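Below is one structure, written out as structure tokens; the observations come after it.
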Amino acid sequence: MDAPGFTASLVAGGVAGASVDLILFPLDTIKTRLQSPQGFSKAGGFRGIYAGVPSTAVGSFPNAAMFFLTYEYVKCLLHTDSASHFRPVKHMLAASAGEVIPFSLVQFPLWESLKLPKALWSWRRGHMVDSWQSAVCGAFAGGFAAAVTTPLDVAKTRIMLAKAGSSTAAGNVLSAMHGVWRSQGLSGLFAGVFPRMVAISMGGFIFLGAYDQTRSLLLEVSRKSPCSR
């Protein structure tokens, strides 16, 4: 990856990360409280849902910047032909290198696949998707990934909120999921799935759309700069 691409990925990733956290932080707070074993109201309800937004946004800029820098760099190293059946594997590996979580392994290959001209936008064959189209693909990919990984998110929340010394607090995700299943069944494992899907769909729209738009603008500015000629 050349210097303009390096800078564009770094800055665009940071802008995307800060933007999505500033806008969607309250929804994540509500989702976490819905998953709390003590119930939504006792966990705080709608009180203080904006608490901690500034520090979160400041911290998300470097994290998202490094994620996308790593993602694009690994994609470049693992370059394959656009028609290759290994494209999803490349995107999974790139996402894993940037952030090793199941969510990314679902979201990013789906996002990249939906952006292909011959996929969702088949009526414009051979045309690279615009930033708003990338945002729509990001929303769909994020919502789908959010739905299928909700049980893992519930387990994570229960572990975080567990009393010190309890079996749940030990951090065993499968054990936490089993405990939720025994006490609340399937509805417990998918507690908060709809606000999670809404939040992450909106997040995918903002995060990936802002990333593509910012990166495209920075690369365009770099191409027009006298220094790049």
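Computed quantities for the displayed model
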read-out: Residue, modelled with the highest pLDDT, within segment 100-113, restricted to residues that are open to solvent by 30 Å² or more (accessible area, probe 1.4 Å) and more than 17 Å from ASP153 (Cβ to Cβ); value: LEU110
read-out: VAL148, sole failed condition from (1) under 18 Å from MET177 (Cα atoms); (2) buried (at least 16 other Cβ atoms within 10 Å of the Cβ); (3) β-branched (Val, Ile, Thr); value: (2)
read-out: Residues of segment 190-213 classified as farther than 16 Å from LEU152 by Cβ and β-branched (Val, Ile, Thr), total; value: 2
read-out: Subset of segment 10-42 that is of a type in the set (S, T, N, Q) and open to solvent by 30 Å² or more (accessible area, probe 1.4 Å) - its residue that is nearest to ALA146 (Cα to Cα); value: THR32
read-out: Residues satisfying the stated conditions in segment 169-208, i.e. open to solvent by 60 Å² or more (accessible area, probe 1.4 Å) and not in a helix (DSSP H, G or I); value: ASN172, PHE190
read-out: Those residues of segment 140-168 which are at pLDDT 90 or above and part of a loop (DSSP other than H, G, I, E, B), in sequence order; value: THR149
read-out: Segment 43-57: number of residues that are closer than 13 Å to GLY17 by Cα and surrounded by fewer than 12 Cβ atoms within 10 Å (Cβ to Cβ); value: 1
read-out: Failed condition for LEU174, given (1) out of contact with any helix residue (DSSP H, G or I) (no Cβ under 7 Å at 6 or more places or on another chain); (2) within 23 Å of PHE25 (Cα to Cα); (3) of a type in the set (A, V, I, L, M); value: (2)
read-out: Members of segment 114-139 found to be modelled with pLDDT of 65 or more and polar (S, T, N, Q), listed by number; value: SER131, GLN133, SER134
read-out: Count of residues meeting criterion [free of Cβ contacts under 8 Å to residues at least 40 places away in the same chain and of a type outside the set (A, V, I, L, M)] in segment 170-210; value: 13
read-out: Filtered residues of segment 211-222 (kept if open to solvent by 20 Å² or more (accessible area, probe 1.4 Å) and touching a residue at least 24 places away in the same chain (Cβ under 8 Å)); value: ASP212, GLN213, THR214, ARG215, SER216, LEU218, LEU219, SER222
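The values are calculated or read from the model by the stated rules, or taken from the named source; none is laboratory data. Just so it is clear, the model here is predicted, and its values are computed rather than measured. Here Cβ is always computed from backbone atoms with ideal geometry, including for glycine, and neighbour counts include all displayed protein chains. These area figures cover heavy atoms from the full protein model, side chains too; ligands, DNA and RNA do not enter into them. Shrake-Rupley method; radii C 1.70, N 1.55, O 1.52, S 1.80 Å.
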